[in-house]
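Engineer: First the structure, which I've put down as structure tokens, then a few questions once you've had a look.
What follows draws every value from the coordinates through simple rules; no lab data is involved. Keep in mind that what you see is a predicted model, and the values were worked out from it rather than measured. Cβ coordinates were reconstructed from backbone atoms using ideal geometry, including for glycine residues, and neighbour counts include every protein chain displayed.
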Amino acid sequence: MQEVIQISTHKHNGLYDITDKVSQIVSKSGIKSGIVNVYVQGATAALMIQENWDDSVQEDVINLLKKLIPPGIWLHDQQDSNGDAHLKAGIVGPAESIPIIDGKLGLSTWQNIFVCEFDGPRQRRNVIVTLYNCG
Amino acid sequence: MQEVIQISTHKHNGLYDITDKVSQIVSKSGIKSGIVNVYVQGATAALMIQENWDDSVQEDVINLLKKLIPPGIWLHDQQDSNGDAHLKAGIVGPAESIPIIDGKLGLSTWQNIFVCEFDGPRQRRNVIVTLYNCG
Amino acid sequence: MQEVIQISTHKHNGLYDITDKVSQIVSKSGIKSGIVNVYVQGATAALMIQENWDDSVQEDVINLLKKLIPPGIWLHDQQDSNGDAHLKAGIVGPAESIPIIDGKLGLSTWQNIFVCEFDGPRQRRNVIVTLYNCG
């Protein structure tokens, strides 16, 4: 079973919580024990499991990556000025595979699923959600 | 097939090798060709494939992450003083999917599976091990 | 279904595009909807999804990792002088799981699959490609 989640992003760098959307797809599938793979297309976006108690960790993620991978100093900037976005996306990675346990997403209390936008705003980011049954 | 490995951690930051436990689950499953997904719950822990010839690489991992993501300077520290732990967990990531080849874990000689604790000690960390057959 | 891609590397640090090889395996499998797991063995190599419009992003990846994880300052260097290679491999990670959509690799236009060599040259790096059907 495979579905596409579409989101739009309004920030240049920002995290977008898609946990509820993935959770609904898992419920609808009826799978009790398995895996859900969440994959974001686009070489300047990524996927991260992170806390969502408030916005602080999300802002910390953006600030950390800006410090480690500053804009404007990369060879690729001569092409289209987004070298930092590609590097952030490559390091964080586009996908996570999360267990389905007793018919539900196997996240712990403080784990949420975020799309990381590193070169927004974008009208459309596609997230491919693929589920398989291991029951 | 799905099983839970429980570990306790005694360090604030430390790597814990769970390769043998995952390997036993793979053997027990009888799966000859497939995938094992290893997923650690908790937004301040992560999973890393790394060498375990001696302790040196594990200490280097802790020292590297402390240098790149120092404690005490994050917005989230105003909530519960563990902003660095969340950031380390998000960058390293909670899961890996490893091939099962000829009925065994498809790791190479120097690849081991480690739970990374970034906010210990903790009495209990849950690692979800999910296997599927692609034979 | 499971296949092995073998590559040789000629640089000490370098990215090697294996997208075409993985794509051919997906086509051959006949799977319309599923997942392909790509896993590189060896604790000093890794796998990254990254742009391949030209060489610039690949060089930026190598330069970024050299800056964040410089050689020659790690405990493990006393064993075999490649502490930085292990750390890079651990942070980037050995695997990605990519959706198969309508019988094709579900990468977007600018996403390619690279083996990252951090301790080359090596005559042989094994990449395990495992596919499963979720149709």
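Engineer: Can you tell me which of C:Gly34, C:Gly30, C:Gly83 is buried (at least 23 other Cβ atoms within 10 Å of the Cβ) and over 23 Å from B:Val38 (Cα atoms)? Before you say what the answer is, go through the steps one by one.
Structural biologist: Numbers: C:Gly34 fails: over 23 Å from B:Val38 (Cα atoms); C:Gly30 fails: buried (at least 23 other Cβ atoms within 10 Å of the Cβ).
Criteria check complete, one pass: C:Gly83.
Engineer: Filter segment B:17-45 for residues that are within 24 Å of B:Asp84 (Cβ to Cβ) and in contact with a Lys or Arg (Cβ under 7 Å, 6 or more places away or on another chain) and give the result. Working first, answer last.
Structural biologist: Step one: list which residues in segment B:17-45 are within 24 Å of B:Asp84 (Cβ to Cβ), which gives B:17-18, B:38-45.
The answer is B:Val40, B:Gly42, B:Ala45.
Engineer: So which residues in segment B:113-125 are under 19 Å from B:Glu59 (Cα atoms) and facing another protein chain (nearest Cβ under 10 Å), if there are any at all?
Structural biologist: Residues satisfying the conditions are B:Phe114, B:Cys116.
Engineer: Taking C:Lys21 as the residue in question, decide whether it is surrounded by 15 or more Cβ atoms within 10 Å (Cβ to Cβ), within 14 Å of chain B (Cβ to nearest Cβ) and among the charged types (D, E, K, R).
Structural biologist: no
Engineer: What is the number of the single condition among (1) surrounded by fewer than 16 Cβ atoms within 10 Å (Cβ to Cβ); (2) facing chain A (nearest Cβ under 10 Å); (3) not acidic (Asp, Glu) that B:Tyr39 does not meet?
Structural biologist: If we test B:Tyr39 against (1) surrounded by fewer than 16 Cβ atoms within 10 Å (Cβ to Cβ); (2) facing chain A (nearest Cβ under 10 Å); (3) not acidic (Asp, Glu), just (1) comes out false.
Engineer: Would you be able to tell me the number of residues in segment B:45-68 that are touching a residue at least 24 places away in the same chain (Cβ under 8 Å), assigned to a helix (DSSP H, G or I) and either facing chain C (nearest Cβ under 8 Å) or hydrophobic (A, V, I, L, M, F, W, C) (or both)?
Structural biologist: 3
Engineer: Here is a list of conditions, (1) part of a helix (DSSP H, G or I); (2) surrounded by fewer than 21 Cβ atoms within 10 Å (Cβ to Cβ); (3) of a type in the set (Val, Ile, Thr); (4) at the interface with another protein chain (Cβ under 10 Å from one of its Cβ atoms), and C:Thr109 meets all of them except one; can you say which number that is?
Structural biologist: Condition not satisfied by C:Thr109: (1).
Engineer: A:Trp74 passes all but one of (1) crowded, with 17+ Cβ neighbours inside 10 Å; (2) over 15 Å from the mean Cα position of the chain (by Cα); (3) not in a loop (DSSP other than H, G, I, E, B); which number fails?
Structural biologist: (3)
Engineer: Which of (1) crowded, with 23+ Cβ neighbours inside 10 Å; (2) away from chain C (no Cβ under 14 Å); (3) aliphatic (A, V, I, L, M) is the odd one out, the single condition B:Ile128 does not satisfy?
Structural biologist: For B:Ile128, the exception is condition (1).
Engineer: Also, quick follow-up: Give the residues of segment B:8-18 that are assigned to a strand (DSSP E or B) and surrounded by fewer than 18 Cβ atoms within 10 Å (Cβ to Cβ), sorted by residue number. Spell out the reasoning first.
Structural biologist: Taking segment B:8-18 and keeping what is assigned to a strand (DSSP E or B), we get B:8-9, B:14-17.
Of everything in segment B:8-18, those that are assigned to a strand (DSSP E or B) and surrounded by fewer than 18 Cβ atoms within 10 Å (Cβ to Cβ) turn out to be B:Ser8, B:Asp17.
Engineer: A further question on this structure: For the structure I just gave you, tell me whether C:Ser81 is over 18 Å from the mean Cα position of the chain (by Cα) and within 27 Å of B:Val61 (Cα to Cα). Show your work before the answer.
Structural biologist: On the way: over 18 Å from the mean Cα position of the chain (by Cα): yes; within 27 Å of B:Val61 (Cα to Cα): yes.
Yes: the conditions hold for C:Ser81.
Engineer: Restricting segment B:88-105 to residues that are part of a loop (DSSP other than H, G, I, E, B) and within 15 Å of the chain's Cα centre (by Cα), which is surrounded by the most Cβ atoms within 10 Å (Cβ to Cβ)? Working first, answer last.
Structural biologist: Within segment B:88-105, the subset part of a loop (DSSP other than H, G, I, E, B) is B:93-94, B:102-103.
Adding the requirement that they be within 15 Å of the chain's Cα centre (by Cα) leaves B:93-94.
Working: B:Gly93: 22, B:Pro94: 28.
Only one residue tops the list, namely B:Pro94.
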